[in-house]
Amino acid sequence: MSLVAEAFVSQIAAAEPWPENATLYQQLKGEQILLSDNAASLAVQLSDVDVSKIESNIPRVVFSTNFNLLKEFSYFLFSTGKVPFIHVGNQVVSELGPIVQFVKAKGHSLSDGLDEVQKAEMKAYMELVNNMLLTAELYLQWCDEATVGEITHARYGSPYPWPLNHILAYQKQWEVRRKMKAIGWGKKTLDQVLEDVDQCCQALSQRLGTQPYFFNKQPTELDALVFGHLYTILTTQLTNDELSEKVKNYSNLLAFCRRIEQHYFEDHGKGSSSIRLS
């Protein structure tokens, strides 16, 4: 997120109080949502669940998964294609970074207890996750032919009528593949992508160590982001288990995901598939 965008979001957020209900929208889990979008949605949900536990005066977010019925946001969805997004008062804010910034501008942040050095380290690891895990998920969704044919096109196009479902799916595929070429991932093999995922997991595992969270006692935005990606990888059925097996090599990352699932999601009915630690 650019400095100009951050300043704009902060100004808008600070101008209005929280309404009685804020709503987070995402695609239907069973038939529409893709790997990368589910990871982002979980990260946003963890941020909201934790803030709601700490600040009882913040209205709890209402989660809507009926993507087909979002007529009032159809233009926003069609023009941006960015999910999840929250509807707060008169504002619609999409994606994890802007949403976190929006909430922070209202005086609530998961990383308030960190010093400047820790915040800089947190941002560096968040960049690592976005550059490696998010990019790997996008590669798998749109560049791996088996996944594209069996999962991605059907899920991505499902909210739209024929022939728009096919047109939008192929358009998105073209956009992602062009991006992959631009960042040097266009000619990578699946094995090379899986190796990148393993290296990222190794770095995260080493940083986490034996701590419950990355900065010890309380989750931060980094914990939310990592949980969103790892939990989604572990619990999403793909054409094979190669991606999830990379994560399962690191027992402390598995325990980390299970800890957050039990503490922040199971009590609120927001968990999905449970993680097996063995």
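The values are calculated or read from the model by the stated rules, or taken from the named source; none is laboratory data. Note that the structure is predicted; figures quoted are calculated from it, not measured. No Cβ is skipped: glycine too gets one built from the backbone with ideal geometry, and neighbour counts run over all protein chains shown. Only protein heavy atoms, including side chains, enter the accessible area calculation; ligands, DNA and RNA are left aside. Shrake-Rupley method; radii C 1.70, N 1.55, O 1.52, S 1.80 Å.
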May I ask you to list the residues in region 167-184 that are open to solvent by less than 40 Å² (accessible area, probe 1.4 Å), touching a Gly at 6+ places or on another chain (Cβ under 9 Å) and within 29 Å of Lys248 (Cα to Cα)? Met180
May I ask you to verify whether Ala154 is farther than 21 Å from Glu245 by Cα, in contact with a Phe, Trp or Tyr (Cβ under 8 Å, 6 or more places away or on another chain) and part of a helix (DSSP H, G or I)? no
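So that you can scan it fast, the table gives a plain yes or no per residue for (1) of a type in the set (Ser, Thr, Tyr); (2) in the same structural domain as Phe256 (by the TED database); (3) touching a strand residue (DSSP E or B) at 6+ places or on another chain (Cβ under 9 Å); (4) open to solvent by 20 Å² or more (accessible area, probe 1.4 Å):
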| residue | (1), (2), (3), (4) |
| --- | --- |
| Glu137 | no, yes, no, no |
| Thr147 | yes, yes, no, no |
| Tyr156 | yes, yes, no, yes |
| Gly186 | no, yes, no, yes |
| Asp198 | no, yes, no, yes |
| Cys201 | no, yes, no, no |
| Gln211 | no, yes, no, yes |
| Gln218 | no, yes, no, yes |
All but one of (1) open to solvent by less than 30 Å² (accessible area, probe 1.4 Å); (2) without any contact (Cβ under 8 Å) to a residue 40 or more places away in the chain hold for Phe102; which doesn't? (2)
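Mind listing whichever residues of region 195-222 are aromatic (Phe, Trp, Tyr) and assigned to a strand (DSSP E or B)?
Listed by number, the list holds a single entry, Tyr213.
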List every residue pair whose Cβ atoms sit under 6 Å apart, with the two residues 6 or more apart in sequence or on different chains, where the first one lies in region 165-186 and is farther than 22 Å from Asn131 by Cα and the second, anywhere, is small (Gly, Ala, Ser). Asn165/Gly157; Ala169/Gly157
When you look at Gln262, is it at pLDDT below 95 and either open to solvent by 30 Å² or more (accessible area, probe 1.4 Å) or of a type in the set (S, T, N, Q) (or both), yes or no? yes
Out of curiosity, is Val226 part of a helix (DSSP H, G or I), touching a Cys at 6+ places or on another chain (Cβ under 9 Å), open to solvent by less than 10 Å² (accessible area, probe 1.4 Å) and over 25 Å from Phe265 (Cβ atoms)? no
